[in-house]
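Working notes, beginning with the structure itself.
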Amino acid sequence: MLFNSWEFILFFSGVFILYFSIPYKVRSLFLLIASYTFYMAWKWDYALIMIGVTFVNYFAGKEINKAIRKSHKQYWLFFALSFSLIPLIYFKYANFFIENVTVFTSYFELNNNISPLQLILPVGISFFTFQSLSYSLDVYNNKTTVENNFVNFAVFVAFFPQLVAGPIERSTNLLSQFKENHDFDSEKLVTGIQLFIWGLFKKVVIADRLSLYVDSVYGTPELHTGNTLTVATLFFAIQIYCDFSGYSDMAIGIARMLGFRLMQNFNLPYLASSIADFWKRWHISLSTWFADYLYIPLGGNRVKYIRWILNIFIVFLVSGFWHGAQWTFVIWGGLHALYYLFESWGDKFLKLISLNNIKNNTFYKVFKILVVFIIVCYAWVFFRSNSVTDAFLITEKIFTDWGSLYRGSSTVTFVLSIFLICLLFGVQLLQYFKIASIYFSKSKVYSSFQFAWYVMLLLGISTLGISSNAFIYFQF
Amino acid sequence: MKLINDIKKDLNFKNNFKIVSTLIITFFICDFILGIGIEKGLEKYYGLNTTAEIALVGHSHLMLGINKVKVEESLNVKVSKYTREGVNISDRQIMIDQLLRKNNSIKTIIYGVDAWSFTGEGLSANSYTLFYPFLADANVNAYVKKKSSFTEYWLHKLIKTTRFNEGLISSSIRGYLSNWSNLKFGEVDTIRLKEEIKVGKFRKINTKIENIEILRESIKVLGLKNIQIILLYVPTIDLYNTAEISKFNESITIFENLEKEFKHVKYISFLEPWSHQYSIFHDPIHLNPKGQDLITLELIKKIK
């Protein structure tokens with residue numbers, strides 16, 4: 001059941017009315033039933049995995065809290081980590097290991113009869129696994145109190161607005177909200193709808209339109225010139241942003257209508273002035289997850305310099321691997337690690353030659369924003385390519401083969417795509433300068449303009465919306 | 001009921017309700033005006049509701065192949081150009097039906113054909129969606145209702161702007177501007193095309209008997225109304241034609257046989273010598289403006 005479907009709108013309308021009509025004490029249970037209905041509409045038997053992960057972390061949390069000795073706490077944490085990660089590793093990474101073992105053994109001319117498994121990746125498995133693990137880790141680190149109500153914990157893991165593609169919530173933010181009494185609030189309903197509309201526009205008008213061009217070019221990179229591949233890469237950068245941030249906006253909007261506050265997942269990432277800044281703005285819930293539960297436990301930056309470099313690589317490579325079991329994702333993560341390190345060395349160099357003040361210069365900032373955007377786009381080549389070979393072929397062509405520009409099957413669509421990208425950046429600049437609202441912040445735009453804007457968005461969705469494409473991040 | 005009590009307690013409810021209701025009403029008013037506007041522009045572009053004597057029916061291949069303005073000027077007759085991207089044989093049956101009901105004075109239909117005309121796959125499988133803009137027409141409405149799902153149908157019925165896309169909006173604007181010019185500039189990249197053919201990336205010919213029957217049925221209906229049919233083969237590039245040469249020739253034989261079978265059918269092919277002249281092609285099947293002018297002149301010579 002996709003957010004951009006009539007089935008979901010009907011489902012949500014029913015959930016919304018019933019949620020605010022029933023007594024407070026049964027609302028968590030109701031949300032739990034609604035969330036599992038939502039998940040099982042896709043594939044009912046995979047809900048068993050989610051139930052298993054929920055049970056493991058619920059009991060592990062209780063046992064960690066009960067344990068007095070550290071070794072017992074560690075034992076239960078290990079139990080939670082291993083049993084939560086087993087389904088994820090099996091469904092997401094088993095074939096990757098099989099394929100690589102096959103390549104390795106064939107290299108040494110060894111016999112290997114392991115054939116790939118016929119697996120369907122459960123939707124949102126990476127998201128609900130990480131969300132429930134964050135709870136066990138927080139209990140272990142005394143960052144949250146143990147949850148004794150199983151229904152509240154289960155709905156925290158399965159909460160349908162953010163179940164399949166995030167934001168990956170923390171127990172410290174979301175779990176406690178299931179204990180609050182939410183009354184119907186028309187203000188929240190209106191602002192939630194507004195964010196939902198903007199997210200839907202980004203998804204069905206921008207992302208899905210750009211995907212037509214991107215899929216066609218990246219499907220056969222050998223047939224396209226360097227400038228076509230450059231445009232396709234730029235389009236993909238916008239596509240993935242609009243697709244994923246669109247989903248996050250819709251999720252946050254839906255939760256807000258029900259009275260819940262989900263964390264902001266994107267904050268104008270393509271206006272980041274450094275790679276470090278980019279990761280504070282892109283998929284915030286995942287980057288903070290890795291920062292809190294991987295980077296800091298590894299020692300963060302309070303370690304020897306070489307170890308710090310290693311930590312940076314570990315975090316980015318794992319982040320790449322989290323996105324998918326392909327070397328293209330790992331290289332994507334590795335590239336970001338390199339960018340991060342080069343940037344830190346560049347900053348040190350500026351300090352060394354006493355040019356640190358240049359950072360406050362507006363032209364320098366704009367220059368940095370452009371550079372960050374370009375190198376982030378380059379990394380997307382690896383993220384989007386069907387294979388490492390394709391990614392290197394695209395790289396080679398981008399730098400050497402500038403011929404005619406392919407405009408897709410329709411020039412009108414191509415021109416419209418460029419117009420929509422300009423529109424998106426226009427809105428983002430207004431948000432950057434705090435003129436337009438971003439995630440419920442106060443807007444300085446006249447209310448009549450805002451009204452006209454939402455009418456225009458709705459007309460844009462109805463006229464230019466391309467429906468039924470699944471969200472890219474569902475596969476992660 | 002808890003929800004009703006909450007609403008009563010909510011001080012902002014009245015104001016927010018007003019805002020949302022006004023938004024919805026404004027949306028539907030804009031949707032209605034825009035929808036009517038785009039539809040009228042499309043009617044002008046396709047030449048529906050006119051006194052045209054000649055009608056061009058086909059898909060983008062014919063759309064870019066013939067310059068209707070030049071035909072009108074040379075023959076001094078009105079021409080409707082009802083060509084849509086991706087329409088298959090059965091869609092064209094609906095288009096002809098729609099044309100005949102809207103335009104009473106049609107004497108000749110120039111029907112675009114190519115070797116892929118009877119191929120079931122390849123052209124859009126859900127091509128009934130092409131008729132969304134004309135849901136106001138009872139017959140089209142019945143056809144779409146039959147083919148689409150319940151939610152799909154009612155969404156397009158209730159919200160007019162969902163019936164269009166950027167291509168149709170562009171066509172509608174061109175209808176108002178009376179602009180039918182071919183904008184597919186540039187020449188086909190034959191090196192790339194050869195590579196694509198080599199790797200099998202081209203549309204295969206897969207002739208289906210039922211599609212031939214549908215065309216035969218359309219021909220019969222037009223014959224009963226004393227309407228002449230020209231099966232027009234606007235050239236497709238030889239590299240593409242020879243990719244499956246035997247199947248290609250089989251398709252050509254079908255058109256030749258139809259000409260023999262029906263007195264009111266004439267088959268005109270511009271494959272020779274134009275399919276070998278690469279500078280007139282925008283891509284393997286579509287002509288650029290230069291090609292369109294050349295082929296239009298040839299057509300005028302033939303039907304004058």
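Quick notes on this structure:
- A:Val123 being assigned by TED's automatic domain parsing to the domain that holds A:Phe55, closer than 26 Å to A:Val157 by Cβ and modelled with pLDDT under 85: yes
- No other residue among A:Tyr293, A:Tyr270, A:Tyr247 is assigned to a helix (DSSP H, G or I) and over 26 Å from A:Leu200 (Cα atoms) apart from A:Tyr293.
- Residue check for A:Ile68: of a type outside the set (Phe, Trp, Tyr), part of a loop (DSSP other than H, G, I, E, B), open to solvent by 20 Å² or more (accessible area, probe 1.4 Å) and within 24 Å of A:Tyr293 (Cα to Cα): yes
- Single unsatisfied condition, B:Ile237 versus (1) open to solvent by less than 80 Å² (accessible area, probe 1.4 Å); (2) at pLDDT below 90: (2)
- On the stretch given as the range B:184-204, residues that are open to solvent by 50 Å² or more (accessible area, probe 1.4 Å), part of a loop (DSSP other than H, G, I, E, B) and more than 10 Å from every other protein chain (Cβ to nearest Cβ) total 2.
- Identity of the residue in the range A:222-232, modelled with pLDDT of 90 or more and crowded, with 22+ Cβ neighbours inside 10 Å, that ends up nearest to the other protein chains (Cβ to nearest Cβ): A:Thr228
- Residues satisfying the stated conditions in the range B:151-183, i.e. farther than 26 Å from B:Thr26 by Cα, of a type outside the set (Phe, Trp, Tyr) and crowded, with 18+ Cβ neighbours inside 10 Å: B:Gly175, B:Asn182
- Of the residues screened, A:Asn360 is not one that is touching a residue at least 60 places away in the same chain (Cβ under 8 Å), polar (S, T, N, Q) and not assigned by TED's automatic domain parsing to the domain that holds A:Phe97.
- Any chance A:Phe244 is more than 14 Å from every other protein chain (Cβ to nearest Cβ), more than 18 Å from A:Phe382 (Cβ to Cβ) and crowded, with 20+ Cβ neighbours inside 10 Å: no
- The set of residues in the range B:1-41 that are aliphatic (A, V, I, L, M), under 16 Å from A:Asp183 (Cα atoms) and more than 7 Å from every other protein chain (Cβ to nearest Cβ) comprises B:Ile4, B:Leu11.
- One residue from A:Thr400, A:Thr413, A:Thr389 being surrounded by 18 or more Cβ atoms within 10 Å (Cβ to Cβ) and either free of Cβ contacts under 8 Å to residues at least 40 places away in the same chain or more than 17 Å from A:Gly333 (Cα to Cα) (or both): A:Thr413
- Each residue in the range A:263-279 was checked for being closer than 18 Å to A:Gly300 by Cα and out of contact with any Ser or Thr (no Cβ under 7 Å at 6 or more places or on another chain), and 3 pass.
- Any chance B:Lys220 is within 30 Å of B:Asn249 (Cα to Cα), of a type in the set (Lys, Arg) and either modelled with pLDDT under 90 or under 18 Å from the mean Cα position of the chain (by Cα) (or both): no
- Enumeration of residues in the range A:116-132 that are on the phi < 0 side of the Ramachandran plot and in a loop (DSSP other than H, G, I, E, B): A:Pro116, A:Leu117, A:Gln118, A:Leu119, A:Ile120, A:Leu121, A:Pro122, A:Val123
- Set A:Phe79, A:Phe59, A:Phe83: member being open to solvent by less than 60 Å² (accessible area, probe 1.4 Å) and either outside any helix (DSSP H, G or I) or free of Cβ contacts under 8 Å to residues at least 40 places away in the same chain (or both): A:Phe79
- Residue in the range A:169-182 that is farther than 30 Å from A:Leu31 by Cα, of a type in the set (Val, Ile, Thr) and either assigned to a helix (DSSP H, G or I) or open to solvent by 10 Å² or more (accessible area, probe 1.4 Å) (or both) present: no
- From the options B:Pro289, B:Pro273, residue that is of a type outside the set (Lys, Arg) and at pLDDT below 90: B:Pro273
- Residue that is farther than 26 Å from B:Ile285 by Cβ and open to solvent by less than 30 Å² (accessible area, probe 1.4 Å), where the choices are B:Gly35, B:Gly86: B:Gly35
- Of everything in the range A:1-50 that is within 13 Å of A:Leu163 (Cα to Cα) and free of Cβ contacts under 8 Å to residues at least 24 places away in the same chain, the residue that is surrounded by the most Cβ atoms within 10 Å (Cβ to Cβ) is A:Ala47.
- Residue count for the range B:240-277 under the criterion of being open to solvent by 80 Å² or more (accessible area, probe 1.4 Å) and assigned to a loop (DSSP other than H, G, I, E, B): the result is 2.
- Take the conditions (1) away from chain A (no Cβ under 12 Å); (2) part of a loop (DSSP other than H, G, I, E, B); B:Tyr82 misses just one of them, which is (2).
The values are calculated or read from the model by the stated rules, or taken from the named source; none is laboratory data. Quick caveat: nothing in here was measured; it's all calculated off a predicted structure. When we count neighbours, we look across all protein chains shown, and the Cβ atoms used for this are built from the backbone with ideal geometry, even at glycine. Quick note on the areas: whole protein, heavy atoms, side chains included, nothing else; ligands and nucleic acids left out. Shrake-Rupley method; radii C 1.70, N 1.55, O 1.52, S 1.80 Å.
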